[in-house]
Amino acid sequence: MANLPPRNKSACKISKQDASPLQILLQMGFPKNRALKALAATGNRSVQLASDWLLTHVNDPHIDANEPREYIFHAVPTGPLFTQLLDFWEKSKQTGWNGAHKFPPHITLVPSFKALDDVSLQLAKAVKQVVDIVGKPPSCPIKLEPYISTNFMGLFISEEHEVYLKNIALEYAKQVSSISSNMEAQTKSLHITLAYNFEVTSYDALNALVDELDLSQLQTSEWELRLYSRQSRFTNHQVYKVTQSYTPEASDELELVPDDYIYIDGDQFETSSDGWVYGTSWLTGLSGYLPGVCVRRTPDSDAWTLHRAISLTTSKNSDSKSDCNTDVEMGTSYPHEDAEKLALEKSEEVYKNWELFWKSRSLNRLENVLQTTQGSDKDESGITNSSITMDSKKVEVSDSTSKKRRWIFSLRHGERVDLTYGSWVPFCFDENGTYTRKDLNMPLTLPERAGGAEAYSRDTPLTRVGELQARLVGEALRLAGVRLHRVYASAALRCVQTAHHLLQGLNDSTVKIKVEPGLFEFKEWHATRGLVPFMTPLELHKAGYNVDLEYKPYVDLDVHSTESLQDFYDRNESIMQTIFKETEQEGDNIMFVGHAVTLDIMVRALKHLESDRQQYPPYQLCSFLCRVPYCALAAMRDHPLQVTSPPCPPSINSSSGRFDWKLLLDVGNE
């Protein structure tokens, strides 16, 4: 056998399985320092979330600053103890704001310490390593002893558990000492702070609330270790939540989007003579003046980033964030072990504010679509503008045009289950693969598919709200008198479902969904977890979706191969251009149902058809990508080809928390 030549591994292309989130972001064109900052700011959850953060912070003046983040390591109660303490926490607010309201109930294991962005993943991995080294917590029930004084109220834990948690803190400090030298484990008496820095007049009311706590029969298993972080430059600021939107009227004012968080120096409210204060947006990093009446004080921890949560269970130490055996991104598992607690942890919900931000920005920055589609829209000169042209010149559209102007639409899919509930599959599928709905907004049933539960974890369905969003768009098109002749959908289940409910809203069963895998989003966004084979047209047909079984896709997408950003764009452009040209003679109205990038790509692809240029700059993600909400609709007309207002208004819906029916158990027992 001939001697084999040595392999030049340095020249080998990184495979999908080996690509880290940082490498993927670099491949997408983001600078390394920004990519590291985005991953740290989003807890290394996913490439998609990090890229969203980068796009929302594109104008952040501190985006390139080499500022370390501030980390906090806590032991946090869950289950019945957490419920009791949270109830105490809410009731105690009625006596006035005190120092304990800055954070949820917790035991501090390692006080705040700082570390640079490039070690955020190592800090998170160390939490799991520490639990493996120290071992399980004591099996005996935990004992909590109240302590009351004129300026402090708290709960001190029994010696066995105090020793265990101190060992956890000491071991964590040891594990990360080489990463961050400015940290010390908490070795003083470990406790849960109930209230401090409160007014003397609040003492009696707070004391009475402490007496109401039932601290018996609380088990050691109901605790989690959690690593949080926040921007260090806002350490001495207070956090306020936006309750009312505000559009700036001056260059030094800050735009306010509902549910965003604003960092404000506490002295601002005391020194302001007109009620205006200076703050910085959590969502965008931008700063400016804002009316104080549009925000309300909220716990500082609402704006923290959760990096890792490990359940301290007597039977097993379950990692609620990820396995972290490699340097790939953290998982998106929800940090709780049963469906009752889905959406309970508020720090997870913080990231949903990007979705609210996209929708609010879309409404605030776009023209009044209702006015455009249902009334006159005049510019300052009084000339009516019915559309936006492809170039800087207005195109005069004659009513006597020889060709009928058809519609070309692109639609983002509706609300998805995984981004609404986190890691939902482990809670909704049993060991036999049987699905059970655990929330009214989850699908009532799920169709049979190859891969079962695992396939659904990587190819998510729509929520019930997502189905309604799609149906509303179809209904609006029907009321506007617009008929669709061809509907092409990305092979992702959420896109096929969106197309299905869109057609239901149109009340048109004659149009079949043409499932086109080539319309799928950038594969590298899924590089770490990997893609699963999409549902086949036959599986979709058996599930009740009106798909075209005779349709031959333009692209047979290989879910196991890698692609560059340009490859991703090229396949989408080729499909859209081909479909546009092949249907031009018939004048068919077309709908592309895909992802957030589908809207941008449709416009680019069709623009290029009418251009004389032979080459274009490499494709880059649009800066407005993060402002494309669920079921956002883009519209174009041809003859001449131009971007125009959709024939129907957009939609927006508010989010809501989960209602705990157990709150009613004590009603009437006062």
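The values are calculated or read from the model by the stated rules, or taken from the named source; none is laboratory data. Computed from a predicted model, the values in this text were never measured in an experiment. Backbone-built Cβ (ideal geometry, glycine too); neighbour counts: all protein chains shown. Ligands, DNA and RNA are excluded from the accessible area calculation, which covers all protein heavy atoms including side chains. Shrake-Rupley method; radii C 1.70, N 1.55, O 1.52, S 1.80 Å.
General remarks:
- Take 545-551, 168-174, 42-48 and order them by the average number of nearby Cβ atoms within 10 Å per residue, most first; the result is 42-48, 168-174, 545-551.
- Estimated at the nearest 10 Å², the accessible area of residue 613 is 130 Å² with a 1.4 Å probe.
- Taking amide H positions as modeled 1.01 Å from N, with prolines and chain starts lacking one, the residues under 5 Å from residue 563 and 5 or more places away or on another chain are 524.
- Applying 0.36 nm per residue to the separation of residue 136 and residue 293 and subtracting their alpha-carbon distance, the gain on full extension is 51.7 nm.
- Potential extension, residue 179-residue 450 segment - 0.36 nm per residue separation minus Cα distance: 93.1 nm
- Kirkwood hydrodynamic radius over Cα pairs of the stretch 125-167, then Stokes diffusion coefficient at 4 °C and 1.567 mPa s, in µm²/s: 106
- Electrostatic bookkeeping for residue 148 treats Lys and Arg as +1 and Asp and Glu as -1; over the other residues with beta carbon under 12 Å from its beta carbon, the sum is -3.
- Each label point was placed 7 Å from the Cα along the Cα-to-Cβ direction; for residue 233 and residue 207 their separation is 4.6 nm.
- Residues 196, 240, 278, ordered by accessible area of protein heavy atoms at a 1.4 angstrom probe radius and largest first, appear as 278, 196, 240.
- Accessible area in square angstrom per residue, the stretch 422-507, 1.4 angstrom probe: 41
- Sites residue 639 and residue 538, calculated FRET efficiency, Cβ-Cβ separation with R0 51 Å, nearest 0.05: 0.85
- For residue 416, the residues 5 or more places off, or on other chains, whose built amide H falls under 5 Å of its own are 463.
- Residue-wise HN-Hα coupling along the stretch 462-467, computed from phi with Karplus coefficients 6.51, -1.76, 1.60 (Hz; x: Gly, Pro): 7, 6, 5, 5, x, 4
- Set 91/136; 188/438; 143/241; 102/125 screened for pairs whose C-alpha atoms are more than 30 Å apart: 91/136; 188/438; 143/241
- Spacing of the two label points (7 Å from each Cα toward its C-beta) at residue 652 and residue 65, in nm: 2.9
- Positive end of the dipole of the stretch 196-294 (Cβ unit charges, origin at the Cα centre): among 293, 268, 229, the Cα lying farthest that way belongs to 229.
- Judged by the mean number of other Cβ atoms found within 10 Å, the most tightly packed of the peptides 108-115, 26-33 leads the ranking 108-115, 26-33.
- With all pairs of different C-alpha atoms in the average, the Kirkwood value for the hydrodynamic radius of the stretch 403-497 is 15.0 Å.
- Anisotropy class of the stretch 429-573 from Cα gyration tensor, a/c 1.5 cut: oblate
- For the stretch 87-187: Kirkwood Rh in Å [reciprocal of mean 1/r, alpha carbons]: 15.9
- Centroid-to-centroid separation of the stretch 550-581 and the stretch 586-625 [C-alpha atoms, Å]: 13
- Over the Cα atoms of the stretch 19-155, the radius of gyration divided by the Kirkwood radius equals 1.07; this is the Rg/Rh ratio.
- Per residue, the stretch 255-317 exposes 35 Å² of accessible surface when a 1.4 Å probe is rolled over the protein heavy atoms with every protein chain present.
- Global geometry of the stretch 518-585, whether rounded, prolate or oblate, following the gyration tensor of its Cα atoms and the 1.5 cut on a/c: oblate
- FRET efficiency for the pair residue 269 and residue 188, taken as 1/(1 + (r/R0)^6) with r the Cβ-Cβ distance and R0 = 35 Å, rounds to 0.60.
- Estimated FRET transfer efficiency (residue 582, residue 32; beta-carbon r; R0 30 Å; 0.05): 0.10
- Cα shape, the stretch 499-636, gyration tensor, a/c 1.5 rule: oblate
- Protection-proxy order for peptides 65-74, 284-293, 468-477, each taking the mean of Cβ atoms within 10 Å per residue, highest first: 468-477, 65-74, 284-293
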